[in-house]
Amino acid sequence: MRTNKKTLTQSLVLAGLTTMTINSSFAALEEVTVTAQRRAQDLQDVPLAITALSDEELQERQIDEPIDLINYVPNLFGGNNTGLGTANAYYLRGLGNTESIATFDPPVGTYIDNVYIARQNGNNMSFFDIDRIEVMRGPQGTLFGRNTTGGAVSIHMKKPAEDTGGRGEGSLGDYNRKMLRGSIDVPVSDSVLTKFSGFWLDEDGFVENRTTGDELNGDEAWGVRADLRFLPSENVTWDISAETIESSSLNITNSFSDLSVFARPYDNGISDNTEDRFSQTGIRASNDSEGSLEQLATGNGLGNSVESWAISSNLAWEGDFGTLTFITGIRSLEQKFIVDFFDGPGFAGTYTIANSGEHDQFTQEIQYNNAFMNDRLDFVGGVYYHTESNTTDWSTLFDIGAPLLLADREMDNDNSSFAVYGQADFHITDAVTLTAGVRWTDEEKEVDLQDFKPALAANNPYPNILIFPAAPGTELTTANLEAAGIATKLDESVVTPRFAIQWQITDNVMAFASHTEGFKSGGWNARGTSAAELLPFDIEEVETQELGFRSDWLDGTLRLNATFFWMEATDFQVPSDFVRDNGTIAFITRNFADLENEGLEIDLSWAPSEMFNMYATAGFQDAEQIPGEAIRQQQSDCRAGLAGGGQGIVTPSCDIADPTRSPDTTYTIGANLTAQLPSFNGYLSGNINVRSTDDLNVGTSGLPNGLVDATTEMNAGITLGVGENLRFALECQNCTNELVQHSVLAGTFYFNEPRRVTFRARYSF
């Protein structure tokens with residue numbers, strides 16, 4: 001196998017180093033290589049708020065799914081989306097969105113090998129064969145672009161190795177959970193390296209449907225991935241990957257007592273036995289849900305499934321001119337689901353949605369890196385293009401004694417974005433660096449609607465469903481929207497700059513200050529059932545100032561990083577629920593307010609010996625919504641008794657609600673202890689971590705049922721290492737069976753998973 005400076009450098013960049021390398025002997029802290037600024041840097045040299053986790057740490061901290069990251073990243077909160085276990089809803093520094101429909105975009109972007117994942121519906125994948133994960137907090141508008149106002153989750157996969165090898169893992173757990181994962185590296189020649197990996201998961205579920213007898217909220221998934229690394233010359237590296245994943249994971253509301261779901265909340269004296277969860281929806285579960293109105297009308301098809309495939313290419317050409325990189329991504333996703341959001345025992349449930357969506361995207365980025373002026377100036381810049389096509393077909397039923405069809409329509413929306421960006425780091429002295437960057441983005445969006453409800457009203461094929469015809473001219477079609485003066489095309493050009501200064505105070509201490517801007521795309525209130533409710537909302541713009549330091553102490557065994565931040569989001573996109581005059585509920589996203597937030601984030605790692613290490617993270621924030629004129633008027637009407645509260649961001653007491661999913665304080669403390677077992681060349685290690693979250697609001701408005709008391713969760717595990725290659729682990733998640741409410745939607749509650757005990761066996765060769 002050839003080894004040269006170029007290959008070694010690429011291996012460092014693409015493979016990375018661990019945040020805190022803790023192998024079976026628990027070595028001391030080592031350097032961390034990240035690419036948060038689109039070039040390889042030591043984590044301690046990066047003037048950003050960032051958390052990085054290696055593959056080893058993902059295993060030790062039991063991070064099997066992306067949503068598990070909330071336990072280890074300051075001021076990151078979230079959960080599986082309501083009804084959809086395959087979708088994650090992240091909230092970072094108060095910015096987030098639970099909407100999964102394609103006219104909304106998440107403010108925390110997900111990237112795999114620098115390719116943006118546009119749809120939230122498919123961002124909950126199994127973590128395996130991961131090199132590292134970088135979570136960047138705050139807007140990343142200059143280098144990562146649109147829809148990263150809250151931050152970015154950047155996942156970097158392992159690349160094919162130069163030597164033959166592999167690893168496999170099998171696990172068994174509560175609720176009949178079974179998982180198999182494996183990967184193998186097969187070098188074909190010195191210049192052609194390959195890797196193949198895959199996983200399979202099956203779980204029965206922890207919720208009993210007392211109406212149908214089904215088991216709900218289980219997982220079924222499988223996926224395969226193939227990677228090719230082609231090294232045609234000393235200066236060229238070409239990485240190609242292809243993957244396909246199929247997953248089914250329902251996140252349906254569940255209860256803990258025989259009381260009606262509207263007769264609690266759970267923390268007002270009602271039983272919180274997390275091992276006796278039940279549902280009472282009248283819809284039967286199905287592994288073959290097509291997300292169709294026909295299935296919904298017959299009371300069958302409850303479920304959620306996602307099928308996706310992706311191809312990516314990363315071609316890097318290095319020469320005296322610098323490094324030119326071509327990053328290409330093609331991704332296709334199909335999602336189908338039927339969900340009962342009210343958990344009604346009736347034939348069709350109380351509030352049910354059937355959805356079938358197809359989402360296709362293509363991205364192309366050309367990036368240039370180089371150093372100038374005898375390495376005094378580091379520059380990265382490029383052009384970026386993104387195009388996306390979405391088709392969504394959905395139906396909505398509301399139970400008024402009999403199922404009432406609220407909507408049945410198809411929506412096509414196309415998005416395209418073009419950007420030019422550049423960032424320069426000027427090293428004024430060996431200790432002081434100035435950073436300046438800017439990105440210009442031009443974005444176009446278009447929506448087209450077809451309304452099937454009028455035809456169904458004229459010839460109703462479902463006698464059990466009430467279908468009332470809409471008034472002429474009010475059908476939700478593109479022509480009627482345009483006739484009502486509602487734009488069906490959006491076009492925006494936005495400039496997002498970044499400025500920073502960093503000072504290397506000593507060899508081991510760096511301080512920085514920065515100003516960064518970003519924006520989140522506008523869109524349409526596609527869940528509305530009238531033209532007035534489908535009004536578009538504007539883009540969300542964020543400005544953030546950060547003051548932080550990075551430091552290593554005690555001969556490199558103690559690492560302490562901290563970041564202070566001040567943030568203002570203008571035209572904050574707030575999802576909320578409204579009660580219409582007829583008593584039905586509308587789910588609306590509008591630019592209700594601005595958002596102001598300030599806080600402190602801390603990352604601590606300490607490895608006093610090879611046998612013991614600990615870590616801690618803490619997030620403090622003080623988020624506040626600053627309402628606009630319309631909300632001020634609603635407050636005034638509320639106080640005058642002219643309108644009820646609990647709609648938008650106005651509480652029943654006529655106050656402005658706290659921002660959703662933005663607890664004032666979150667922290668995690670964890671530790672690892674190991675003992676060597678020389679008799680059979682092995683070791684025994686134990687790990688524990690505790691996550692605590694302050695009081696917070698998890699609702700879409702200011703209603704009291706969204707207010708959640710402080711919670712604490714604990715994970716723990718024991719690992720036995722035998723020789724160099726074999727590991728056995730016994731792990732528990734949510735060891736104390738803590739009940740944590742993640743969301744409330746129109747009076748129904750969504751909770752965390754109950755305690756889970758898992759046995760794992762891992763073998764590497």
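The values are calculated or read from the model by the stated rules, or taken from the named source; none is laboratory data. None of the values given here were measured: they were computed from a predicted structure. Methodologically, a virtual Cβ is constructed for each residue, glycine included, from the backbone with ideal geometry; neighbour enumeration extends over all protein chains shown.
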(request) Within segment 324-343, work out how many residues are more than 19 Å from the chain's Cα centre (by Cα) and surrounded by fewer than 18 Cβ atoms within 10 Å (Cβ to Cβ). (result) 4
(request) Select from segment 395-420 the residues that are touching a residue at least 40 places away in the same chain (Cβ under 8 Å) and either touching a Gly at 6+ places or on another chain (Cβ under 6 Å) or acidic (Asp, Glu) (or both) and write down the one among them that is farthest from Ala455 (Cα to Cα). (result) Ala419
(request) Sort out which residues of segment 744-765 are in contact with a Cys (Cβ under 7 Å, 6 or more places away or on another chain) and of a type in the set (A, V, I, L, M, F, W, C), and write them in order of number. (result) Val757
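For (1) among the polar types (S, T, N, Q); (2) without any contact (Cβ under 8 Å) to a residue 40 or more places away in the chain; (3) touching a helix residue (DSSP H, G or I) at 6+ places or on another chain (Cβ under 8 Å), each residue gets a yes or a no:
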site	(1), (2), (3)
Arg177	no, no, no
Asp185	no, yes, no
Val188	no, yes, no
Trp200	no, yes, no
Asp204	no, yes, no
Asn217	yes, no, no
Arg225	no, no, no
Arg229	no, no, no
Thr237	yes, no, yes
(request) Return the residue satisfying two criteria in turn: it lies in segment 176-212 and is assigned to a loop (DSSP other than H, G, I, E, B) and either β-branched (Val, Ile, Thr) or within 25 Å of the chain's Cα centre (by Cα) (or both), and of such residues it is surrounded by the fewest Cβ atoms within 10 Å (Cβ to Cβ). (result) Val188
(message) The conditions are (1) more than 29 Å from Asn121 (Cβ to Cβ); (2) touching a residue at least 12 places away in the same chain (Cβ under 8 Å), and Leu449 fails exactly one of them. Which is it?
(response) (1)
(message) Given (1) over 25 Å from Arg559 (Cβ atoms); (2) outside any loop (DSSP other than H, G, I, E, B); (3) at pLDDT 90 or above; (4) of a type outside the set (Ser, Thr, Tyr), identify the lone condition not met by Glu598.
(response) (1)
(request) Take the residues in segment 400-430 that are touching an Asp or Glu at 6+ places or on another chain (Cβ under 7 Å) and of a type in the set (D, E, K, R), then tell me which one is surrounded by the fewest Cβ atoms within 10 Å (Cβ to Cβ). (result) Glu410
(message) Please go through segment 291-313 and give me each residue that is surrounded by fewer than 22 Cβ atoms within 10 Å (Cβ to Cβ) and within 25 Å of the chain's Cα centre (by Cα), ordered by number.
(response) Glu307, Trp309, Ala310, Ile311, Ser312, Ser313
(request) Read through the list (1) within 19 Å of Asn147 (Cβ to Cβ); (2) crowded, with 17+ Cβ neighbours inside 10 Å; (3) β-branched (Val, Ile, Thr), then give the number of the only condition that Thr433 fails. (result) (1)
(request) Considering only segment 162-175, state which residues are in a loop (DSSP other than H, G, I, E, B) and touching a residue at least 60 places away in the same chain (Cβ under 8 Å). (result) Glu162, Asp163, Asp174, Tyr175
(request) Of the numbered conditions (1) part of a strand (DSSP E or B); (2) more than 30 Å from Ile428 (Cβ to Cβ); (3) in contact (Cβ under 8 Å) with a residue 60 or more places away in the chain, Asp343 fails exactly one; give the number of that condition. (result) (1)
(message) Can you tell me which residue is modelled with the highest pLDDT among those in segment 22-32 that are touching a helix residue (DSSP H, G or I) at 6+ places or on another chain (Cβ under 9 Å) and surrounded by fewer than 19 Cβ atoms within 10 Å (Cβ to Cβ)?
(response) Glu31
(message) Of everything in segment 523-564, what is among the acidic types (Asp, Glu), out of contact with any Lys or Arg (no Cβ under 7 Å at 6 or more places or on another chain) and more than 13 Å from Thr103 (Cβ to Cβ)? Give them in sequence order.
(response) Asp538, Glu541, Glu543, Glu546, Asp555
(message) Take the residues in segment 641-657 that are at pLDDT below 80 and either aliphatic (A, V, I, L, M) or not in a loop (DSSP other than H, G, I, E, B) (or both); name whichever of them is farthest from the chain's Cα centre (by Cα).
(response) Leu642
(request) For Gly528, indicate whether it is part of a loop (DSSP other than H, G, I, E, B) and in contact with a Leu (Cβ under 7 Å, 6 or more places away or on another chain). (result) yes
(request) Taking the options Gln10, Gln37, name whichever one is modelled with pLDDT under 85 and either in a helix (DSSP H, G or I) or more than 26 Å from Arg167 (Cβ to Cβ) (or both). (result) Gln10
(message) Please go through segment 689-740 and give me each residue that is part of a strand (DSSP E or B) and touching a Pro at 6+ places or on another chain (Cβ under 6 Å), ordered by number.
(response) Thr693, Leu696
(message) Out of the residues in segment 686-718 meeting the condition of being polar (S, T, N, Q) and over 25 Å from Gln62 (Cα atoms), tell me which one is modelled with the lowest pLDDT.
(response) Ser701
(request) Could you list, in sequence order, all residues of segment 458-487 that are surrounded by 13 or more Cβ atoms within 10 Å (Cβ to Cβ) and touching a residue at least 60 places away in the same chain (Cβ under 8 Å)? (result) Tyr462, Ile465, Leu466, Ile467, Leu476
(request) Could you list, in sequence order, all residues of segment 706-726 that are crowded, with 16+ Cβ neighbours inside 10 Å, in contact with a helix residue (DSSP H, G or I) (Cβ under 9 Å, 6 or more places away or on another chain) and more than 18 Å from Phe759 (Cα to Cα)? (result) Glu713
(request) Could you tell me which numbered condition Lys336 fails, if it satisfies all but one of (1) outside any strand (DSSP E or B); (2) in contact with an Asp or Glu (Cβ under 9 Å, 6 or more places away or on another chain); (3) of a type in the set (D, E, K, R)? (result) (1)
(request) Please determine, by comparing only the residues of segment 601-640 that are surrounded by fewer than 19 Cβ atoms within 10 Å (Cβ to Cβ) and of a type in the set (Ser, Thr, Tyr), which one is modelled with the lowest pLDDT. (result) Ser636
